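What follows draws every value from the coordinates through simple rules; no lab data is involved. Because the structure is predicted, anything quoted here is derived from the model rather than measured. Cβ coordinates were reconstructed from backbone atoms using ideal geometry, including for glycine residues, and neighbour counts include every protein chain displayed.
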């Protein structure tokens, strides 16, 4: 499952996603990107905690997302803050890998895959 999620993120980052701004200058998929960023942060913490030995994989995926979107200023700060919120939220709760942590990993992998697929299907040409 992690490999599938990584592949979907690569598709997302390689696809030219057009930021069709809505009123207020926000891309219509902005909230999805923030949620995806939060999921990546959570996975970065939880996968390591549960012994996945993936190193910086999820942080690198976040960097690829930022590079693909090329956000600046406040938008970039919001994406980074979402990643950090996902990481710190679980860091404060989990000190060891538990069945609940494993379940959260599975749920986040599924949700992240869905978000990546949906954004790519809707906004990539």
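What to note about this one:
- Cα→Cβ-extended label distance, 7 Å offset, between residue 84 and residue 72, nm: 2.2
- Once the convex hull of all Cα atoms in the stretch 29-123 is built, its volume per residue stands at 85 Å³.
- Global geometry of the stretch 80-125, whether rounded, prolate or oblate, following the gyration tensor of its Cα atoms and the 1.5 cut on a/c: oblate
- Backbone N within the stretch 40-59 under 18 Å of label point (7 Å from residue 92 Cα along the Cβ vector): 40-46
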